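The values are calculated or read from the model by the stated rules, or taken from the named source; none is laboratory data. Keep in mind that this is a model prediction, so the values were computed, not measured. Backbone-built Cβ (ideal geometry, glycine too); neighbour counts: all protein chains shown. Just so you know, the surface numbers come from the protein's heavy atoms only, side chains and all, with ligands and any DNA or RNA stripped out. Shrake-Rupley method; radii C 1.70, N 1.55, O 1.52, S 1.80 Å.
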Amino acid sequence: DSPLVVPGISLPLNMRGAALVQDTLTVLQSVTRDAARIALVDEDLGTVEAGKLADLIVVGGNPLLNLRAAADVRLVVKNGRVFTVDDILAPARTPAQLAARKLALEAQNRLCREQPQHCEAEGGGHAH
């Protein structure tokens, strides 16, 4: 994912946008096989085949039939180790991280109350 957008969200949204002009197989290949080739790591990643690293995601549904299923990640297999969604999110759920999030949300709410122009976009949506 790009550092300029919310991690974990931009790829599925970009895939859905690409699916407006490409078939789903082509879209899935572009973010797996083709991305590995462009990054020069296609000898190890990008496709499922013997001799390659087994970094995979398990999703709820068939993304070939409905591309939204690609964002419904149930498990991640990284370096042969299986991670659940709870495993992945656990570092963000520590007491310290939850306290930091609470402080950040309080600061954002305070900014929005004191300087609403920083929080409102045209049409009433959020600017950030």
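Only Cα pairs under 8 Å and at least 6 apart count here; give the relative contact order of the chain as a rounded whole percent.
Relative contact order here is 13 percent.
What does the charge count near D55 come to, summing +1 for each Lys or Arg and -1 for each Asp or Glu among other residues with Cβ under 11 Å from its Cβ?
Working: positive: K52, K78, R81; negative: D44.
My count for the surroundings of D55 gives +2.
Considering only the stretch 22-87, what is the antiparallel percent among its DSSP beta bridges, to the nearest 5?
100
Taking GluC sites (Glu not before Pro) as candidate sites, keep only those in a DSSP loop with at most 16 other Cβ atoms within 10 Å, then name the longest stretch of the chain containing none of them.
Counting only loop sites that pass the neighbour cut-off, the longest clear stretch is 50-119.
Give a residue-ordered list of calculated ³J(HN,Hα) values for the stretch 44-52 (Karplus: 6.51 cos²θ - 1.76 cosθ + 1.60, θ = phi - 60°; whole Hz; x for Gly, Pro).
Computed from phi, the couplings for the stretch 44-52 are 10, 10, x, 9, 9, 7, 4, x, 9 Hz.
What is the local net charge at T32, summed over the other residues whose Cβ is closer than 11 Å to its Cβ (Lys, Arg +1; Asp, Glu -1)?
Working: positive: R33, R37; negative: D34, D42, D55.
After counting each charged neighbour, the total is -1.
GNM, the chain, Cα, under 10 Å: largest mean-square fluctuation among P116, P95, P63?
Highest fluctuation among the options: P116.
For the chain, which whole-number percentage of the solvent-accessible area (1.4 Å probe, protein heavy atoms only) is attributable to carbon and sulfur atoms?
Roughly 59 percent, rounded to a whole number.
Given the -39500 (n - 2.57) contribution per DSSP H run of 4+ residues, what per-residue ellipticity at 222 nm results for the chain, rounded to the nearest 500 deg cm²/dmol?
Details: 5 runs with 48 residues, N = 128.
Helix-only estimate at 222 nm: -11000 deg cm²/dmol.
I'd like the Karplus ³J(HN,Hα) series for the stretch 82-96: coefficients 6.51, -1.76, 1.60, θ = phi - 60°, whole numbers in Hz, and an x wherever there's a Gly or Pro.
Rounded to whole hertz, the list is 8, 10, 8, 4, 4, 4, 5, 7, 3, x, 7, 10, 5, x, 5.
Considering only the other residues whose Cβ falls under 13 Å of the Cβ of L67, what net charge follows from Lys and Arg at +1 and Asp and Glu at -1?
0
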